[in-house]
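One structure is given below, encoded as structure tokens.
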Amino acid sequence: MSWKTIIHENYTAEIEEPTVYVDNETRRRSGHMSHAMAEFKKGCFIDFNSNCSAVLWNGHMPYGWVEYRISEDCGKTYSDIQTLPYSMNEFLDGVTMISVEKAVSCDNGTIVALCLRNDGTHKYRCEPWNTPTFITSTDEGKTWSEPKVYSEYRGRTYDAFYHDGVIYVLHLCNEHFTGTLPEHVYRLYKSYDNGKTFEEASVIPIDPIGRGYGSILMDDKKVLHAYAYNVNAEEHMDHAVSYDFGQTWTLLAPCYLAKGIRNPQTALIDGVYVLHGRAGGLKGFVLYTSENGSDWDEGCMLVEKEGVSAYYSNNLNLTDENGNFLLIQYSESYDGNRVNVMHANLRIKKRRGLF
């Protein structure tokens, strides 16, 4: 059943009625960050979520551990909840809280989970962030490797994807949320061996001052796009492109977003670019679409709720019996900053056969 519909000249984006993926309200918990997903076999994917305190800072901190479930039918049903051992071990030690920011799956079936190491001794159990780690599974999430560090720079992994045998990772080299020094840059890392090793590919030429959050995607013409949030201009999202798979970059004009954006998440489905995340000014959850990745529509408010620090999100391209769709996972407030985890499917219907 259609929940929201976005109509454009060349296409219509239809979003189906959201469903609850993790009912934290019933179990009196919260779910801050850790929305990673990765399809490791056709129709089969791993889906992460956090199990966090609903008491400390009203649920908006990563004091807890990471869980995951497996779906073998494009998200219609899920396995029982499993606890990620790495996160539980760190939680029990109390020094570090683990978040799984992104995950990818390689052609050989290896799942790579990219992790954020939050300071468990800080009052918010969050910043300052340590160096980023990754863990792998070669048996569809049944067992996991020991964690390894992939970058010498403290900071936060904001995005990752797999394309033509290569893992691409976007890392913001800053142990705090927004940049204050020239060295707080976005770096692109790559792995050519299914997550065994990573190497730095480039520094993205986005001004790091006041920047936090970020997203990357590869379009149909193999142009790599990088986007960044500007805390001082929430309606203007930084945008850079690379025509050589991230070795060099061209800085474009910032993207204008009428309703702003905070934690941008991007995707490409059936020729349409999709952007979603927390709207500017803590006003809810917003979704934009575009035909070129630079010029975005006026935005559709999926949820309007002011003043809450929810609406972290992620997405995954899937295909079922009805065609391609984008699974959007997001956190939604059930009580202030205490959140459930929701799922909503977006489908594109082309009009007039123009593109």
Among the lysines, select those whose C-alpha is under 27 Å from the C-alpha of LYS190, and discard any that sit fewer than 8 residues away in the same chain. LYS41, LYS42, LYS102, LYS142, LYS148, LYS221, LYS222
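With N residues in the range 289-340, what two-decimal value do you get for its Cα radius of gyration over 2.2 N^0.38 Å?
Values: Rg = 14.2 Å, N = 52, 2.2 N^0.38 = 9.9 Å.
The value comes to 1.44.
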At 0.36 nm per residue, minus the direct Cα-Cα distance, what do LYS305 and ALA253 gain on full extension? Give it in nm, one decimal, please. 15.7 nm
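Using a 1.4 Å probe, what is the accessible area per residue for the chain, in Å²?
40 Å²
Helix-only estimate, please: 222 nm mean residue ellipticity of the chain, summing -39500 (n - 2.57) across DSSP H runs of length 4 or more and dividing by its residues, to the nearest 500.
Values: 2 runs with 13 residues, N = 355.
Theoretical 222 nm ellipticity from helices: -1000 deg cm²/dmol.
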Please compute the contact order of the range 207-355 in relative form: average sequence separation of alpha-carbon pairs under 8 Å and at least six residues apart, divided by the residue count, as a percent. 14 percent
Rounded to the nearest 0.05, what FRET efficiency is calculated for VAL55 and VAL241 with R0 set to 35 Å and r the Cβ-Cβ distance? 0.20
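Under 8 Å for C-alpha pairs, at least 6 residues apart: give me the relative contact order for the range 1-130, rounded to a whole percent. Can you show the working numbers first?
On the way: 285 pairs, mean separation 23.9, N = 130.
The normalised contact order for the range 1-130 reaches 18 percent.
Could you work out the relative contact order of the range 140-188, using alpha carbon pairs under 8 angstrom and six or more residues apart, expressed as a whole percent? Display every interim value, and only then the final one.
Details: 55 pairs, mean separation 14.1, N = 49.
Worked out over the range 140-188, it gives 29 percent.
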How many angstrom lie between the Cα centre of the range 101-161 and the Cα centre of the range 317-343? 21 Å
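Report, please, the projected area of the range 48-92 averaged over directions, based on the convex hull of its C-alpha atoms, in nm².
Working: hull surface 15.2 nm².
Taking a quarter of the hull surface, the average projection is 3.8 nm².
Show me the trypsin sites (Lys or Arg not before Pro) within the range 138-189 that DSSP assigns to loop and that have at most 12 other Cβ atoms within 10 Å of their Cβ. Please list the in-between numbers first.
Details: sites: LYS142, LYS148, ARG154, ARG156, ARG187; in loops: LYS142, ARG154.
Counting only loop positions with at most 12 other Cβ atoms within 10 Å, the trypsin sites (Lys or Arg not before Pro) in the range 138-189 are LYS142.
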Reachable aspartates and glutamates, given that their alpha-carbon falls under 17 Å from the alpha-carbon of LYS76 and they are not under 8 places away in the same chain: GLU16, GLU17, ASP23, GLU39, ASP47, ASP320, GLU321
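Hey, what does the equivalent ellipsoid look like for the range 194-241, semi-axes from the Cα gyration tensor as sqrt of 5 times each eigenvalue, largest first, whole Å?
Numbers: eigenvalues 104, 43, 17 Å².
The answer is 23, 15, 9 Å, longest axis first.
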Percent accessible area from carbon and sulfur atoms, the range 117-185, protein chains only, probe 1.4 Å: 49 percent
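State the three equivalent ellipsoid semi-axes of the chain, derived from the C-alpha gyration tensor as the square roots of 5 times its eigenvalues, in descending order and whole Å.
Largest first, the chain gives 27, 24, 22 Å.
GluC sites (Glu not before Pro), restricted to the range 180-276: which are DSSP loop and have at most 16 other Cβ atoms within 10 Å? Provide the component values of the computation, followed by the final result.
Details: sites: GLU183, GLU199, GLU200, GLU234, GLU235; in loops: GLU183, GLU234, GLU235.
Counting only loop positions with at most 16 other Cβ atoms within 10 Å, the GluC sites (Glu not before Pro) in the range 180-276 are GLU183, GLU235.
Among the GluC sites (Glu not before Pro) within the range 1-67, which fall in a DSSP loop and have no more than 10 other Cβ atoms within 10 Å of their own Cβ? Spell out each step's value before the answer.
Numbers: sites: GLU9, GLU14, GLU16, GLU25, GLU39, GLU67; in loops: GLU9.
Hits after loop and neighbour filter: GLU9.
The values are calculated or read from the model by the stated rules, or taken from the named source; none is laboratory data. All values derive from a computational prediction rather than experimental measurement. Using ideal geometry, Cβ is built from the backbone for each residue, glycine included, and neighbour counts are taken over all protein chains shown. Note: accessible area is taken over every heavy atom of the protein model, side chains too, but ligands, DNA and RNA are not part of it. Shrake-Rupley method; radii C 1.70, N 1.55, O 1.52, S 1.80 Å.
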